[in-house]
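Take a look at the structure set out below.
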Amino acid sequence: MAEDKKKDKKPAAPKKKLDRDSRITLILSAILLVLTITGLILFFVLPNPEITPQVPDVSDIPEPEPEPEPEPEPEPEPTVYPAPGYDFTEEHVYIEIPGLEHEYTIAWVSDLHMITDCEAGDVSEGSLETVMTRYETLSISPDGYHGKELWPEIVNYLNYNDFDAVIFGGDILDYCSTSNMEVLKAEYDRLKYPQESILYLRADHDYGTWYSDGSTGFDDYVAHDLHAELDGDDNTRKYLDFGEFIIAGVNNSIKTPGAEQMEVLTDLYSRGVPVIAATHVPYYSQVDPTLEELSMLVRNKIYYWGLGSESYTPDPTMWEYLNMLYDEDSTCTYVLAGHLHAAWEGEIREGLTQHIFSPAFIGVIGVVHIVPEGYVQG
């Protein structure tokens with residue numbers, strides 16, 4: 001009986017199959033919906049291929065105006081240096097150097113003996129009379145211009161011309177004082193030339209403080225410090241190197257060169273290039289007696305380095321230096337000097353000429369022309 005009941009019972013519908021069909025239907029419906037939406041978006045977003053796109057007429061668009069070029073900055077106007085108000089006499093010297101590729105022009109100024117102290121101050125009361133006598137007799141030109149008046153005009157002259165270098169050959173001052181140094185520096189600082197193109201060789205009057213008599217508080221230490229403020233006043237840099245030749249200066253040449261200067265000079269004369277010696281105190285001549293004759297006439301004594309001089313008799317160190325000039329194999333080709341207060345030119349040994357310049361206090365400036373061998377003076 002129980003078995004009959006089991007046979008008569010109908011099987012239930014498969015529930016899992018219905019669920020699977022429903023999911024498929026939903027997925028298909030979602031896909032159809034997505035496709036429909038995508039089609040609508042493409043329809044409205046993409047351009048119609050049958051419609052020709054409108055290209056703007058570029059000819060109607062104005063071209064942008066070019067930006068104006070920046071105006072060039074105006075070139076600075078060259079500095080115009082005034083002509084000197086004083087009519088200087090030029091003392092020309094020509095030095096020929098074989099194989100020289102360029103011509104050079106160098107100014108020489110020495111023996112101005114400038115005095116600015118006309119009342120007691122940096123000079124002692126007891127020295128004032130002596131100073132004023134020198135002011136009226138030594139530091140004055142034949143036409144009545146004192147050294148302190150010539151000095152600004154000398155700077156004007158140097159600036160107005162174009163030199164390759166400037167040499168101050170000593171005794172620009174008659175003595176060192178605060179006033180003299182202030183006037184010297186004020187005009188020196190106006191020079192247009194770079195420091196490496198200026199050679200200031202001091203002598204005893206540039207450094208000398210004797211008119212202070214030690215009573216004014218101005219001494220040798222102050223003097224040397226003031227000179228160092230001017231250009232460094234370095235004994236190891238008392239030369240000008242032009243590559244093709246060297247101008248070898250001797251500082252404070254009233255004395256034998258010290259060990260420091262000798263080391264520099266020995267190096268300069270051993271470089272194998274022509275050397276022009278520059279000194280305040282001149283050197284004796286082995287071959288021309290007219291130098292001694294002129295010295296006795298002007299100074300009443302031998303006023304240069306050599307035997308028989310009261311003040312400038314060479315010691316062994318000085319002879320060591322002089323042999324650099326007088327040796328037949330020397331590279332020295334010329335000597336420039338001052339100190340004598342009179343012009344002289346002649347050979348001091350065979351083939352070696354020395355030129356002694358006139359003093360600047362009479363209104364003379366030296367112009368040295370360094371030229372190739374065979375140069376014909378105009």
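Scanning segment 367-378 for residues that are surrounded by fewer than 23 Cβ atoms within 10 Å (Cβ to Cβ) and either among the charged types (D, E, K, R) or within 28 Å of the chain's Cα centre (by Cα) (or both) turns up 367, 369, 371, 372, 373.
Tally the residues that are open to solvent by 10 Å² or more (accessible area, probe 1.4 Å) and either under 26 Å from residue 209 (Cβ atoms) or of a type in the set (A, V, I, L, M) (or both), restricting the search to segment 241-279. Even if it seems obvious, please write down each step before you answer.
So in segment 241-279, the residues open to solvent by 10 Å² or more (accessible area, probe 1.4 Å) come out as 241-244, 252, 254-256, 258-264, 266-267, 269-274.
With the extra rule that they be either under 26 Å from residue 209 (Cβ atoms) or of a type in the set (A, V, I, L, M) (or both), the set shrinks to 252, 254-256, 258-262, 264, 273.
Within segment 241-279, residues that are open to solvent by 10 Å² or more (accessible area, probe 1.4 Å) and either under 26 Å from residue 209 (Cβ atoms) or of a type in the set (A, V, I, L, M) (or both) number 11.
Evaluate the following for residue 344: is it surrounded by fewer than 17 Cβ atoms within 10 Å (Cβ to Cβ) and closer than 20 Å to residue 253 by Cα? When the stated conditions are applied, residue 344 does not pass them.
Summed over segment 124-141, residues that are over 26 Å from residue 217 (Cβ atoms) and touching a residue at least 24 places away in the same chain (Cβ under 8 Å) total 2. Would you check if there is a residue in segment 254-267 being under 13 Å from residue 338 (Cα atoms) and in contact with a Gly (Cβ under 9 Å, 6 or more places away or on another chain)? So far as segment 254-267 goes, yes, one or more of its residues are under 13 Å from residue 338 (Cα atoms) and in contact with a Gly (Cβ under 9 Å, 6 or more places away or on another chain).
Consider segment 178-208 and keep the residues that are among the polar types (S, T, N, Q) and out of contact with any Leu (no Cβ under 9 Å at 6 or more places or on another chain). The one that is surrounded by the fewest Cβ atoms within 10 Å (Cβ to Cβ) is 195. So, of the residues in segment 262-303 that are among the small types (Gly, Ala, Ser) and outside any loop (DSSP other than H, G, I, E, B), which turns out to be nearest to residue 199 (Cα to Cα)? Ranking the candidates gives 278 first.
Any chance segment 328-339 includes a residue that's open to solvent by 70 Å² or more (accessible area, probe 1.4 Å), free of Cβ contacts under 8 Å to residues at least 60 places away in the same chain and more than 34 Å from the chain's Cα centre (by Cα)? So far as segment 328-339 goes, yes, one or more of its residues are open to solvent by 70 Å² or more (accessible area, probe 1.4 Å), free of Cβ contacts under 8 Å to residues at least 60 places away in the same chain and more than 34 Å from the chain's Cα centre (by Cα). Whenever a residue of segment 256-267 is under 15 Å from residue 331 (Cα atoms) and in contact (Cβ under 8 Å) with a residue 24 or more places away in the chain, its partners that are part of a loop (DSSP other than H, G, I, E, B) and open to solvent by less than 40 Å² (accessible area, probe 1.4 Å), lying with C-beta atoms within less than 7 angstrom and at least six residues away or across chains, give the pairs 265/257.
If the condition is being surrounded by fewer than 18 Cβ atoms within 10 Å (Cβ to Cβ) and either under 19 Å from residue 338 (Cβ atoms) or within 24 Å of the chain's Cα centre (by Cα) (or both), then segment 209-228 contributes 224, 225, 228. Only residues that are within 13 Å of residue 112 (Cβ to Cβ), in contact with a Phe, Trp or Tyr (Cβ under 9 Å, 6 or more places away or on another chain) and in a loop (DSSP other than H, G, I, E, B) were counted in segment 334-378, giving 5.
Against the list (1) within 16 Å of residue 116 (Cβ to Cβ); (2) modelled with pLDDT of 95 or more, the condition residue 211 fails is (2).
Going through (1) touching a residue at least 12 places away in the same chain (Cβ under 8 Å); (2) assigned to a loop (DSSP other than H, G, I, E, B) one by one, residue 119 falls short only on (1).
The values are calculated or read from the model by the stated rules, or taken from the named source; none is laboratory data. Since the structure is predicted, the reported quantities are computational estimates derived from the model, not experimental observations. Cβ: placed from backbone, ideal geometry, glycine included. Neighbour counts: every protein chain shown. We work out accessible area using only protein heavy atoms, side chains counted, and drop any ligands, DNA or RNA first. Shrake-Rupley method; radii C 1.70, N 1.55, O 1.52, S 1.80 Å.
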